[in-house]
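Before any comments, here is the structure.
Every number in this text was worked out from the coordinates using simple rules, so none of it is lab data. What you see is a predicted model; the values in this text were computed from it and never measured. When we count neighbours, we look across all protein chains shown, and the Cβ atoms used for this are built from the backbone with ideal geometry, even at glycine.
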Amino acid sequence: MILLIALFGRSPLGTVDKERCAFVYSEPHEPQEINLTGNVRIVDIGETFRVRIVDIGEDIKVVPTDFPSQCGEWRFVDVGEDFSVRFVDIGEDFTIRLSDF
């Protein structure tokens with residue numbers, strides 16, 4: 001575990017619960033889960049989640065939309081985000097697959 005922290009900068013936060021469409025924290029944390037639908041800001045530092053984009057085997061499928069209301073629908077914004085993400089190649093909190101539908 002110490003090696004992972006040294007390599008990636010922090011320990012795993014939790015897991016994606018596909019049925020609830022939420023990221024659920026594995027350790028005591030406020031809030032206990034974050035809904036993975038809504039307004040998302042892409043950042044270079046200070047992210048809520050580190051996310052890796054994959055073509056297969058994703059934790060959640062993400063559909064960009066102007067009116068997010070269902071699981072995995074994300075509206076990319078510059079302000080007023082529900083959570084923020086930083087795209088990474090390794091050390092992700094979860095993986096996504098971008099889709100048109």
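How big is the shadow of the Cα convex hull of the chain, averaged over all directions, in nm²?
6.9
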Consider a paramagnetic label point 7 Å from the Cα of ARG20 along Cα→Cβ; state which residues of segment 45-81 have an amide N under 18 Å from it. 49, 59-61, 70-73
Expressed in angstrom, Rg and Dmax over the Cα atoms of segment 12-54 are 10.9, 29
For every helix of n ≥ 4 consecutive DSSP H residues, a contribution of -39,500 (n - 2.57) applies; sum these over the chain, divide by its total residues, and give [θ] at 222 nm rounded to the nearest 500 deg cm²/dmol. -1500 deg cm²/dmol
Check ILE42: other-chain or 5+ apart residues with amide H under 5 Å from its amide H, H built from backbone geometry? VAL77, VAL85
Residue separation between ASP89 and ASN35 times 0.36 nm, minus their alpha-carbon distance, gives in nm 17.1 nm
Separation between the GLN70 and ILE45 pseudo-spin-labels, each 7 Å from Cα along Cα→Cβ, expressed in nm? 3.9
